[in-house]
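Below is one structure, written out as structure tokens, with a few remarks after it.
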Amino acid sequence: MMSLYAPDVFIKDKVEALAQQLGLALPHQEQWDFIQSAESLDLQAAPGSGKTSLIGLKLALLCQGWNSPTRGICVLSHTNTAKDEIIHRLAASPAGHRLLQYPHFIGTIQAFTNTFFALPALRARGVEVQIVDDRAYADEALWLLERHPQFRKLNTALGHRTNGPSLVAEARYLCDAGDLIATGPDGTRPFKAASDSGQQFAALKEALTERGVFRYQDMFAIAEHHLFHHPQLALAATHRFSFVLLDEMQDTSDLQQHLLDKVFGSPSTVVQRVGDVNQRIFADGPDPAQPSSFPLPHAAQLPVSRRFGSKIAALASDLTVHRRQRIDGAGHEGTIALLLFDDDCVAEVVPAFERMAAAAVPRQLLLDSPPRVLGARLTRGSAKTFPQSVSCYVPGFTTAPSQATGSLITTARAAQTERQSGDNHAALTLLWKAIRDVARLASSGSLPPLRRLDRDPATAGGRTRLLLHEMLTSPLDSHVEWAVFTARLVRLLPDLTQSPLKGVARLADPLAHVPHVAQPAPVPQASADSEQGVVLSVAGSIQSAKGETHAATLILECLERSGKKYDVHEVLGLLSQQQDASKALVTIQHAAQLVFVGATRPTHLLAFAVHRTRAEPHVEAMTARGWSIHDINVH
């Protein structure tokens with residue numbers, strides 16, 4: 001391993017020189033321990049501890065002294081967002097650019113699995129992959145079940161089961177002792193293999209395979225099957241990638257970890273896993289009540305957060321569910337506030353928070369990082385309880401499924417609202433994500449990240465940038481103008497994805513024009529607030545804010561998944577009674593870990609909105625913790 005890079009890559013002088021070039025400070029020994037380690041390790045990093053910056057620094061140092069032209073570094077993450085952030089950090093250093101080329105690899109665990117194992121296995125079978133997406137797979141599977149006479153008996157049998165549609169929509173491959181078998185969502189066969197229904201169930205899965213339509217999980221099973229029959233592939237991967245860094249490790253699922261262990265289980269491979277297990281909130285990760293394989297018991301730690309001060313650090317420490325960690329706050333000593341509201345002033349919560357942010361946070365900081373309003377639930381469920389979601393507090397707040405009828409125009413209108421609030425980056429990101437979802441429905445290729453689009457008006461990238469600008473600035477009321485926009489988009493897609501369009505009929509629903517539904521007018525005081533320096537906030541889910549840093553954050557209490565309890569209220573009870581969050585009921589653990597993620601975003605102001613009747617039993621305890629209490633009253 002040591003022969004692959006110069007032995008002095010991590011010496012103090014080189015680390016300090018590159019850190020200074022990148023504008024990084026290394027005041028803590030824990031940072032140096034991680035940077036200079038050349039052995040396998042786990043690193044448990046608190047929110048705001050500079051984990052991503054340290055990863056970028058370490059990788060850039062390795063690249064400075066890397067010697068081998070054929071063996072490289074493998075950097076894997078759970079999400080594209082985390083992967084893009086690492087690439088962005090590396091791009092700030094000349095040495096880091098080397099990691100973006102062969103023999104190195106940076107990507108998601110899914111992309112790594114597809115690139116090196118699943119896609120080669122399918123190509124060997126003569127299968128051309130059209131799409132890897134759970135929702136698209138479900139649509140195609142249900143359509144085939146209903147329309148094709150070959151599956152008539154299966155359709156009849158499924159009609160007698162309450163979960164019949166989901167058995168087909170969520171059918172997946174499982175590699176069992178070297179055999180690739182079709183199972184239901186629970187990993188078992190829903191019918192006896194020899195029965196007519198069982199044979200048709202397997203045939204339906206095979207038909208979708210021949211069409212090149214897969215679920216994300218299918219690719220892991222196909223990869224494992226390929227590795228089982230060609231074990232030399234794991235040896236080849238270990239030889240090429242002798243240093244592996246796994247970011248956002250807490251969100252890696254058991255399925256992903258199982259495959260990574262098969263590939264990188266050799267003691268000769270250095271595997272460094274980095275993350276924060278207390279931010280493990282994604283649904284496809286392990287259950288929060290179950291122990292995690294990450295981090296190992298004697299993992300290294302980064303306990304110091306430079307994002308926030310001691311008050312938020314103390315709150316975050318008390319909400320560490322998966323692994324108890326005392327977080328030290330070395331940032332600005334901010335404020336934690338509790339906003340109390342009644343039934344008749346729910347709509348006043350967000351404006352009150354915005355006024356509070358204007359008074360507590362420097363205006364330029366708010367303009368650079370607009371205040372965020374977060375909740376665990378975006379839209380209302382079937383319960384009659386009010387309020388229960390972000391949409392209850394923010395009039396006009398709507399979300400739309402990515403492939404619903406009119407989804408693109410709905411997203412374009414939401415992006416226009418983002419742009420009008422002053423957040424051009426969020427608007428472009430939102431619109432481009434929707435267009436990438438559309439492209440996946442009709443092309444085997446994928447759209448590049450927005451920042452890679454060419455700016456020359458004569459190129460496809462330049463024409464796309466112009467189209468995005470027009471979609472963000474033009475009225476979207478006329479179905480004729482919308483048809484012009486979508487026709488231009490369809491013409492651009494083959495050039496952008498570098499592959500011909502297939503299944504264009506699938507675009508009819510997402511590209512459809514739908515009339516604009518007028519939203520309630522803003523409250524009259526909005527213009528007056530603007531004169532007073534109030535910066536309007538941006539609403540979204542706690543999950544979507546993971547990894548972000550805000551100047552001010554408001555967490556709205558929402559109905560938790562059982563539909564019977566409120567998340568922030570349950571967390572207040574946990575804090576006021578000084579209970580150990582890791583020993584609470586599972587439902588409360590779910591609430592605590594989501595609140596943990598939201599509460600560790602802000603630098604200056606953290607606020608919670610709670611109904612007065614639910615908050616009053618805890619006001620005294622919260623005041624004793626140094627929180628400020630604000631009563632919203634519109635009488």
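Run the helix sum for the chain: -39,500 (n - 2.57) per DSSP H stretch of 4+ residues, divided by residue count, reported at 222 nm to the nearest 500 deg cm²/dmol. Write down the numbers at each step before the final one.
Working: 26 runs with 270 residues, N = 635.
The helix-only estimate for the chain comes to -12500 deg cm²/dmol at 222 nm.
Centre-to-centre separation between the Cα atoms of region 92-110 and those of region 206-242: 23 Å. When the chain is described by a simple charge dipole with +1 on each Lys and Arg Cβ and -1 on each Asp and Glu Cβ, the residue from Val597, Leu154, Thr417 located farthest towards its positive end is Leu154. In this structure, the pairs whose alpha-carbon distance is over 32 Å, taken from Lys311/Lys546; Lys14/Lys311; Lys192/Lys583; Lys83/Lys262; Lys262/Lys564, are Lys14/Lys311; Lys192/Lys583; Lys262/Lys564. Using only the Cα atoms of region 134-214, build the gyration tensor, take square roots of its eigenvalues as a ≥ b ≥ c, and label the shape rounded, prolate or oblate: rounded if a/c is under 1.5, else prolate if a/b is larger than b/c, else oblate. Note, shape of region 134-214 comes out rounded.
Restricting attention to the chain, close to 15% of DSSP beta bridges with both partner residues there are antiparallel. Applying 1/(1 + (r/R0)^6) with r as the Cβ-Cβ distance of Asp33 and Arg152 and R0 = 51 angstrom yields a FRET efficiency of 0.20. Using a simple spin-label model with pseudo-atoms 7 Å out from Cα toward Cβ, Arg491 and Arg612 lie 6.1 nm apart.
Grab the Cα-Cα distance for Thr623 and Asp454, subtract it from 0.36 nm times how many residues apart they are, and report the gain in nm with one decimal.
55.4 nm
The modelled label-to-label distance between Glu481 and Trp143, using points 7 Å beyond Cα along the C-beta direction, is 3.1 nm.
So, by mean Cβ neighbours within 10 angstrom, what's the order for 619-626, 412-419 with the highest one leading? Intermediate values should be presented prior to the final figure.
Details: 619-626: 13.9, 412-419: 20.1.
Per-residue mean Cβ counts within 10 Å order the peptides as 412-419, 619-626.
Where the centre of each part is set by its Cα atoms, how far does region 538-604 sit from region 316-378, in angstrom? Using only Cα atoms, the two centres lie 11 Å from each other. A simple spin-label model places pseudo-atoms 7 Å from Cα toward Cβ; at Ile11 and Ala111 they are separated by 3.5 nm.
Taken as Cα centroids, region 38-53 and region 427-467 sit 33 Å apart, rounded to the nearest whole angstrom. Here the contact order of region 407-507, divided by its residue count and restricted to Cα pairs under 8 Å and six or more residues apart, works out to 33 percent. For Asp580 and Thr81, the FRET efficiency from 1/(1 + (r/R0)^6), where r spans their Cβ atoms and R0 equals 22 Å, is about 0.10. The slack between Val127 and Ser40, meaning 0.36 nm per residue of separation minus the straight C-alpha distance, is 27.6 nm.
The numbers here are math on the coordinates, done by the rules we state, and not lab data. From a predicted model like this one, the values you see are computed outputs, not experimental measurements. Reconstructed Cβ throughout: ideal geometry from the backbone, glycine too, with neighbour counts over all protein chains shown.
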